[in-house]
Amino acid sequence: MNKKHILIACGTGVATSTVVCMRVKEELEKNNIPATVEQCKVAELPSKIHGADLVVTTTAYESDDIPVIRALSFLTGIGIEEDVQKIVDILS
């Protein structure tokens, strides 16, 4: 399997994206999906999105180029299984 590139974005690229980044990395390891995970601000996404396979964000963002998952579940714990499955399905 090719190594995937995932962008994790929040408003400032610091607080909530750090929490989501750690959880996404854990789930990728559990599912044996090799990936580079990069944190950034939502405002940086247009310049970073080229070459990415998936965007996981804690705020509203849309892209016609690649899949975007709004994953508040990684912060709240509610619906996390569904979001993890979406990530696995997209990257598999």
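The values are calculated or read from the model by the stated rules, or taken from the named source; none is laboratory data. Computed from a prediction, not measured in an experiment: that's the story for all the values here. Quick reminder, even Gly has a Cβ in these numbers, built from the backbone with ideal geometry, and neighbours come from all protein chains shown. Keep in mind that these areas ignore ligands, DNA and RNA; they rest on the heavy atoms of the full protein, side chains included. Shrake-Rupley method; radii C 1.70, N 1.55, O 1.52, S 1.80 Å.
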Inset, instruction - State the extension gain, in nm to one decimal, for the chain segment bounded by ILE80 and THR59, taking 0.36 nm per residue of separation less the distance between their alpha-carbons. - result: 6.0 nm
Inset, instruction - With label points built 7 Å along Cα→Cβ from the Cα atoms of ARG70 and LYS48, find their separation and express it in nm. - result: 2.0
Legend entry - Listed values (1) 30; (2) 35; (3) 43, entry calculated as percent of Cα pairs over 19 Å apart: (1)
Inset, instruction - State in Å² the accessible area per residue of the chain; use a 1.4 Å probe, count heavy atoms of protein chains only, and round to the nearest integer. - result: 57
Inset, instruction - Using a 1.4 Å probe over the heavy atoms of the protein chains, calculate the carbon and sulfur portion of the accessible area of the chain as a whole percent. - result: 50
Inset, instruction - Subtract the Cα-Cα distance of LYS3 and LYS41 from 0.36 nm times their separation in residues, and report this length gain in nm to one decimal. - result: 11.4 nm
Legend entry - Ellipticity estimate at 222 nm from DSSP helix runs (n ≥ 4, -39,500 (n - 2.57)) divided over the chain, nearest 500: -11000 deg cm²/dmol
Legend entry - Among ALA15, LEU28, GLY51 the positive-end extreme of the charge dipole of the chain (Cβ point charges): ALA15
